[in-house]
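What follows is a short report on a single structure.
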Amino acid sequence: MEGEGFVAASKVNIYEGRVTAFVICTCLIAASGGLLFGYDLGISGGVTSMEPFLNKFFPSVLEQQSKASQTENQYCKFDSQLLTLFTSSLYLAALVASFFASIVTRIFGRKISMLAGGVAFLIGSILNGVAMNIGVLIFGRLLLGVGVGFANQSVPVYLSEMAPASIRGALNIGFQMAITIGILAAGLINYGTAKIEGGWGWRLSLVLAVFPAVVMTAGSYLLPDTPNSILERGQPEKARQMLQKVRGTQHVDAEFQDLLDATEAAKKVDHPWTNILQPRYRPQLVLCILIPFFQQLTGINVVMFYAPVLFKTLGFGDDASLMSAVISGIVNVLATMVSIYSVDKFGRRVLFLEGGAQMFLFQIAIGTMIAVRFGVNGDGELSRWDANILLLFICAYVAAFAWSWGPLGWLVPSEICPLEIRSAGQGINVAINMIFTFIIGQVFLSMLCHMKFGLFFFFAGFVVIMTVFVYYFLPETKNVPIEEINQVWKQHWFWGKYILDEALIGLSRHDEGRDT
């Protein structure tokens with residue numbers, strides 16, 4: 001299957017323009033939307049490991065911990081459906097919100113969708129910080145979920161549309177970079193607030209989520225909309241002016257014509273959610289479903305939003321568990337920088353394949369070590385040396401995810417869909433991501449209790465499946481203009497049969513220019 005993942009450079013247009021300070025600044029501001037998702041991922045696990053928080057809202061969990069300590073079963077310390085509902089309710093709300101966000105993003109533009117997400121997250125953060133009962137706490141989480149749903153729907157699409165093809169991967173991964181920074185900031189804050197006397201530190205952890213919310217809200221208010229989105233709303237002259245500003249040149253005729261062609265195709269589609277089910281969009285539909293599905297089945301959320309709980313369960317002390325979460329958060333940020341550097345240099349496929357192999361190896365290592373130390377019954381403990389080795393294995397796993405499935409899980413779905421189904425494709429991506437984040441969040445502690453060390457082998461098996469899938473079915477999209485991605489699908493050994501010739505925007509003009 002020679003050439004299965006690549007497209008010849010001669011088959012795509014190379015637009016005029018340069019990387020401008022304007023496009024860098026707008027993309028950095030937009031990418032800050034990832035702080036919402038990241039901060040919540042990092043803060044939830046730390047707060048749910050704090051005894052004052054558990055005593056206030058989940059006293060049954062403390063009682064269960066006490067019983068687990070007496071029986072020395074390390075696997076079942078935190079198994080509580082109510083506690084996991086607190087964490088996973090956000091993702092259920094984000095799932096529902098993503099469908100509404102898709103409509104808002106298409107009709108009103110990307111920046112309005114980002115603004116709505118920032119406001120919802122801001123209100124939810126305040127409610128969580130002042131909550132006096134479980135009802136207000138969960139309602140606040142639901143509003144946080146609405147914010148995450150809108151941000152995750154609109155930000156990756158905004159970044160892919162604004163960025164020039166040559167650095168689209170790096171700028172889009174700014175979203176994942178913001179997620180990792182949010183996770184790290186949350187870990188550091190949890191480490192500090194856990195030491196506050198009086199037992200109210202968890203409130204500070206939760207209410208500080210207002211800061212990323214303010215950044216997102218203010219930033220989205222100031223941002224311009226993308227040329228693609230402006231064209232969708234019937235303002236061609238304004239769209240051309242924005243494209244010229246973004247590309248730093250007046251010579252944007254070729255790219256603008258491709259945008260016009262894409263917009264004309266999009267106008268013929270009244271119902272993108274129905275349209276994406278047509279055979280001609282089969283590659284995009286399958287990838288927008290399977291990439292977020294596989295991203296969650298890497299098992300990363302086991303580590304990220306339950307990191308302190310997981311480390312505490314495995315025998316780390318209270319401070320040690322929070323500090324270990326901080327260390328894995330630092331690795332997450334540094335490894336994401338690797339992805340920013342390499343994604344447009346080496347491509348998406350190389351990162352997917354290497355990351356998959358590395359995640360598999362270290363998940364097997366983690367599962368094996370836990371099996372040896374705790375066995376099937378959960379009786380055992382970790383020495384300081386064992387704990388350090390386990391932390392090293394987890395960090396190696398996190399690093400692999402952070403330069404592969406983490407950023408690429410958002411980048412690839414946002415760049416592979418033509419304009420007429422782009423909002424629907426990203427809506428599906430977010431919805432599938434949130435469905436399985438919710439499921440993993442809701443059942444992880446029960447799975448750990450019942451599957452024990454086998455849980456890590458379970459996720460390792462899925463990593464093998466997804467890595468094989470990428471090898472055979474994901475073409476390379478680096479340096480390809482976003483409106484010409486269909487040419488990549490057309491040349492793929494399997495997906496090519498689904499792509500109609502008339503879907504190849506800009507190809508005929510390019511061929512004419514080459515003939516002359």
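Just so you know, all these numbers are worked out from the coordinates, no wet-lab data involved. Quick caveat, the model's predicted, so the values are computed rather than measured. Cβ sites come from the backbone with ideal geometry, for glycine too, and all protein chains shown count toward neighbours.
Quick notes on this structure:
- DSSP-loop GluC sites (Glu not before Pro) across the range 336-443, with at most 13 other Cβ within 10 angstrom: E381
- Computed lengthening from D253 to F99, 0.36 nm per intervening residue step minus Cα-Cα distance: 52.0 nm
- Karplus-derived 3J(HN,Hα) values for the range 143-155, using 6.51 cos²θ - 1.76 cosθ + 1.60 with θ = phi - 60°, are 5, 4, x, 4, x, 5, x, 5, 5, 5, 6, 8, 5 Hz; glycine and proline are entered as x.
- Cα gyration tensor, the range 198-291 - rounded (a/c under 1.5), prolate or oblate: oblate
- Our helix-only sum for the chain, with -39,500 (n - 2.57) per DSSP H run of n ≥ 4 divided by its residues, gives a mean residue ellipticity at 222 nm of -24500 deg cm²/dmol.
- Taking every Cα-Cα distance in the range 357-400 and sorting them into 10 Å bins starting at zero, the pair-distance distribution P(r) comes out as 30, 51, 19, 0 percent.
- Distance (nanometres) between label positions extended 7 Å along Cα→Cβ at L82 and L260: 6.3 nm
- Calculated from the alpha-carbon coordinates, the range 106-252 shows an Rg and a Dmax of 18.5, 63 Å respectively.
- Full extension of the segment from M337 to A21, taken as 0.36 nm per residue of separation minus the current Cα-Cα distance, would add 111.8 nm.
- Alpha-carbon Debye profile of the range 387-462, log10 I(q)/I(0) at 0.14, 0.23 Å⁻¹: -0.65, -1.16
- Cα convex hull of the range 85-153 - mean projected area over all directions, nm²: 3.9 nm²
- Neighbour cut-off at most 11 other Cβ (10 Å), DSSP loop, trypsin sites (Lys or Arg not before Pro), the range 182-291: K195, K268
- Sites N133 and V214 - FRET efficiency at Förster radius 25 Å, r taken between beta-carbons, to 0.05: 0.45
- When the pairs K452/K478; K268/K345; K267/K490 are compared against a 31 Å limit on Cα-Cα distance, K452/K478; K268/K345 fall above it.
- Residue-wise HN-Hα couplings along the range 411-422, as the Karplus relation 6.51 cos²θ - 1.76 cosθ + 1.60 with θ = phi - 60° gives them from phi, are 5, 4, x, 6, 10, 9, 9, x, 4, 5, 10, 5 Hz; Gly and Pro carry x.
- Out of every Cα-Cα pair that the range 344-496 contains, those further apart than 26 angstrom amount to 38 percent.
- In nm, spacing of pseudo-spin labels at H450 and W493 (7 Å Cα→C-beta vector): 4.0 nm
- Calculated P(r) tail over 22 Å for the range 104-193, as whole % of Cα pairs: 40 percent
- Taken about its Cα centre, the chain carries a charge dipole of roughly 480 debye when the Cβ of each Lys and Arg holds +1 and the Cβ of each Asp and Glu holds -1.
- Computed from backbone phi, the HN-Hα couplings of the range 176-193 come to 5, 4, 5, 4, 5, 5, x, 4, 5, 4, 5, x, 5, 5, 4, 4, x, 6 Hz, rounded to whole numbers (Karplus: 6.51 cos²θ - 1.76 cosθ + 1.60, θ = phi - 60°; Gly and Pro given as x).
- Spin-label pair Q241/V464, simplified geometry with 7 Å Cα→Cβ offset, distance in nm: 5.9 nm
- The calculated P(r) of the range 169-246, using every Cα pair and 5 Å bins from 0, goes 3, 12, 14, 15, 14, 12, 9, 7, 6, 4, 3, 1 in percent.
- Radius, Kirkwood style, for the range 164-208 when every pair of distinct Cα atoms is counted (Å): 12.3 Å
- The base-10 log of I(q)/I(0) for the chain, evaluated at q = 0.08, 0.12 Å⁻¹, reads -0.48, -1.03 [Debye formula, identical scatterers on Cα atoms, solvent excluded].
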